[in-house]
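A.B. asks: Following this message is one structure expressed as structure tokens.
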Amino acid sequence: MGKHKKGEEVNGWLVVDKPRGMGSTDVVTLTRRVFNAKKNGHTGTLDPFATGVLPIAFGEATKLIPFVTDGEKEYEFVIQWGASTNTDDSEGEIISRSEKIPNKEEILRALPHFIGQIEQVPPVYSAIKINGQRAYKLAREGKEVDMPSRKVEIYELELLEELPNQQARFRVCCSKGTYVRTLGHDLAEFLGTKGYLQELRRTKCGKFGLDDTILVETLKKIVYVVEAKKFLLPIETSLRDIAVIAVSEVDAGKLRLGQSVSPKMYDVEKLVGNQAVAMCGGSLAAIVRIEERKIAPVRVFNL
């Protein structure tokens with residue numbers, strides 16, 4: 001997460017349509033400069049090769065980054081059949097080839113095998129840390145990297161269209177931690193061929209979608225901070241599917257101090273055991289957990 005001593009207090013979300021070739025940390029640096037912000041951070045690395053939805057949290061919104069990173073992700077991707085690369089995408093070197101090109105019927109029969117909980121071995125060229133060092137750094141140094149497998153969940157996987165040049169476009173909805181590059185590689189192997197990702201575009205990240213995004217080119221043209229702030233989304237935008245309760249100023253003050261409050265004044269019986277958003281006067285006070293005898297703060301916001 002990027003932060004420095006000087007700058008303005010900026011709170012909210014900016015959802016960037018990350019272009020190909022730009023790193024996620026580069027987007028953080030650019031947006032911090034455009035907003036002259038004290039603190040901001042992204043919601044998980046999106047490969048430089050990939051494009052699409054990259055939510056950037058500013059100020060108090062950084063406390064909600066886990067709520068976004070833990071959410072579902074959706075991607076569209078293009079597989080190039082007939083070859084594999086050392087990075088499982090078009091940025092790498094071709095290391096093997098196959099003459100087999102799967103047809104539509106074969107692909108459709110294969111997809112159900114990848115829906116549900118599956119095991120993945122993440123690509124060696126990834127940001128996962130192995131003994132304190134990034135896997136991609138070890139791989140670039142020519143060192144052998146033993147990547148542990150992980151369980152991820154694929155909620156939806158569909159073939160969108162067959163393309164020219166022995167390619168096919170897919171859409172996947174998946175859990176956090178899913179490597180779509182690995183999914184493409186494994187699908188090709190299952191089909192008895194080789195494959196790598198020619199394109200990868202994130203279309204949803206948590207509650208944010210492409211409709212929420214701003215282009216990097218637009219950001220670079222912004223001269224004044226006040227102009228930039230028009231593109232900020234409220235902090236609570238990332239919590240669209242969570243219950244909201246309106247609390248009094250007194251209780252909001254207590255919650256912001258980390259103190260629990262009584263649930264007697266609020267109609268929350270059906271929310272017991274769940275989390276909710278506590279709002280006061282249109283301002284986010286806290287993420288709370290509703291219990292039978294108290295409303296306890298989980299995350300507090302100083303707005």
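A.B. asks: Return the residues of the stretch 1-21 that are at pLDDT below 95 and within 30 Å of residue 181 (Cα to Cα); say none if nothing qualifies.
C.D. replies: 1, 2, 21
A.B. asks: Among the residues of the stretch 143-153, is there at least one that is farther than 25 Å from residue 66 by Cα and either modelled with pLDDT of 95 or more or out of contact with any Leu (no Cβ under 9 Å at 6 or more places or on another chain) (or both)?
C.D. replies: The answer is yes, given that some residue of the stretch 143-153 is farther than 25 Å from residue 66 by Cα and either modelled with pLDDT of 95 or more or out of contact with any Leu (no Cβ under 9 Å at 6 or more places or on another chain) (or both).
A.B. asks: Further question: Residues 199, 249: which one is surrounded by fewer than 20 Cβ atoms within 10 Å (Cβ to Cβ), under 30 Å from residue 95 (Cβ atoms) and outside the structural domain of residue 31 (by TED's automatic domain parsing)?
C.D. replies: The conditions single out 199.
A.B. asks: Could we say that residue 26 is acidic (Asp, Glu), free of Cβ contacts under 8 Å to residues at least 60 places away in the same chain and either assigned to a helix (DSSP H, G or I) or in contact with a strand residue (DSSP E or B) (Cβ under 6 Å, 6 or more places away or on another chain) (or both) here?
C.D. replies: So residue 26 passes the test.
A.B. asks: Examine the stretch 29-36 for a residue that is surrounded by fewer than 19 Cβ atoms within 10 Å (Cβ to Cβ), assigned by TED's automatic domain parsing to the domain that holds residue 191 and not in a helix (DSSP H, G or I), and state whether such a residue exists. Step through it out loud before you land on a result.
C.D. replies: First, pick out the residues of the stretch 29-36 that are surrounded by fewer than 19 Cβ atoms within 10 Å (Cβ to Cβ): 29-30, 33, 36.
Subsequent filtering for residues that are assigned by TED's automatic domain parsing to the domain that holds residue 191 retains none.
No, the stretch 29-36 has no match at all.
A.B. asks: Identify, please: which residue in the stretch 23-60 is among the aliphatic types (A, V, I, L, M) and under 14 Å from residue 202 (Cα atoms) and is, among those, farthest from the chain's Cα centre (by Cα)?
C.D. replies: In this case the residue turns out to be 50.
A.B. asks: I've got another one for you. Report yes if residue 64 is assigned to a loop (DSSP other than H, G, I, E, B) and in contact (Cβ under 8 Å) with a residue 12 or more places away in the chain, otherwise no. Give the derivation first.
C.D. replies: Values: assigned to a loop (DSSP other than H, G, I, E, B): no; in contact (Cβ under 8 Å) with a residue 12 or more places away in the chain: yes.
Criteria not met by residue 64.
A.B. asks: Do we find that residue 228 is within 21 Å of residue 208 (Cα to Cα), assigned to a strand (DSSP E or B) and among the small types (Gly, Ala, Ser) in this structure? Walk me through it before giving the result.
C.D. replies: Working: within 21 Å of residue 208 (Cα to Cα): yes; assigned to a strand (DSSP E or B): no; among the small types (Gly, Ala, Ser): yes.
Against the criterion (within 21 Å of residue 208 (Cα to Cα), assigned to a strand (DSSP E or B) and among the small types (Gly, Ala, Ser)), residue 228 does not qualify.
A.B. asks: Taking only the stretch 188-225 into account, find how many residues are hydrophobic (A, V, I, L, M, F, W, C) and part of a loop (DSSP other than H, G, I, E, B). Lay out the reasoning, then the answer.
C.D. replies: Quick first cut of the stretch 188-225, residues hydrophobic (A, V, I, L, M, F, W, C) only: 188, 190-191, 197, 200, 205, 208, 210, 214-216, 219, 222-223, 225.
Now narrow it down to the ones that are part of a loop (DSSP other than H, G, I, E, B): 191, 222-223.
Qualifying residue count, the stretch 188-225: 3.
A.B. asks: Another question about this same structure. Here is a list of conditions, (1) crowded, with 16+ Cβ neighbours inside 10 Å; (2) within 24 Å of residue 16 (Cβ to Cβ), and residue 234 meets all of them except one; can you say which number that is?
C.D. replies: (1)
A.B. asks: Across the stretch 84-104, which residue is surrounded by the most Cβ atoms within 10 Å (Cβ to Cβ) among those that are within 14 Å of residue 188 (Cβ to Cβ) and acidic (Asp, Glu)?
C.D. replies: Going through the qualifying residues, I end up with 88.
A.B. asks: Just to check your reading of the model, which residue among 293, 289 is assigned to a loop (DSSP other than H, G, I, E, B) and not assigned by TED's automatic domain parsing to the domain that holds residue 172? Step through it out loud before you land on a result.
C.D. replies: Numbers: 289 fails: assigned to a loop (DSSP other than H, G, I, E, B).
Only one candidate passes the filter, namely 293.
A.B. asks: Of all residues in the stretch 235-273, how many are over 25 Å from residue 11 (Cβ atoms), of a type outside the set (A, V, I, L, M) and either modelled with pLDDT of 95 or more or in a loop (DSSP other than H, G, I, E, B) (or both)? Spell out the reasoning first.
C.D. replies: Restricting attention to the stretch 235-273, the residues satisfying the condition of being over 25 Å from residue 11 (Cβ atoms) are 262-273.
Those still in the list that are of a type outside the set (A, V, I, L, M) too: 262-264, 266-267, 269-270, 273.
Then drop every residue that is not either modelled with pLDDT of 95 or more or in a loop (DSSP other than H, G, I, E, B) (or both), which leaves 262-264, 266-267, 273.
Qualifying residue count for the region: 6.
A.B. asks: Scan the stretch 202-211 for residues that are among the charged types (D, E, K, R) and modelled with pLDDT of 95 or more and jot them down.
C.D. replies: First pass over the stretch 202-211, keeping only residues among the charged types (D, E, K, R): 202, 204, 207, 211.
Once the filter is applied, which keeps residues that are among the charged types (D, E, K, R) and modelled with pLDDT of 95 or more, the stretch 202-211 yields 202, 204, 211.
A.B. asks: Give me a count of the residues in the stretch 145-172 that are part of a strand (DSSP E or B), buried (at least 16 other Cβ atoms within 10 Å of the Cβ) and among the aliphatic types (A, V, I, L, M).
C.D. replies: 5
The values are calculated or read from the model by the stated rules, or taken from the named source; none is laboratory data. Computed from a predicted model, the values in this text were never measured in an experiment. For neighbour counting, all protein chains shown are included, and Cβ atoms are generated from backbone atoms with ideal geometry for every residue, glycine included.
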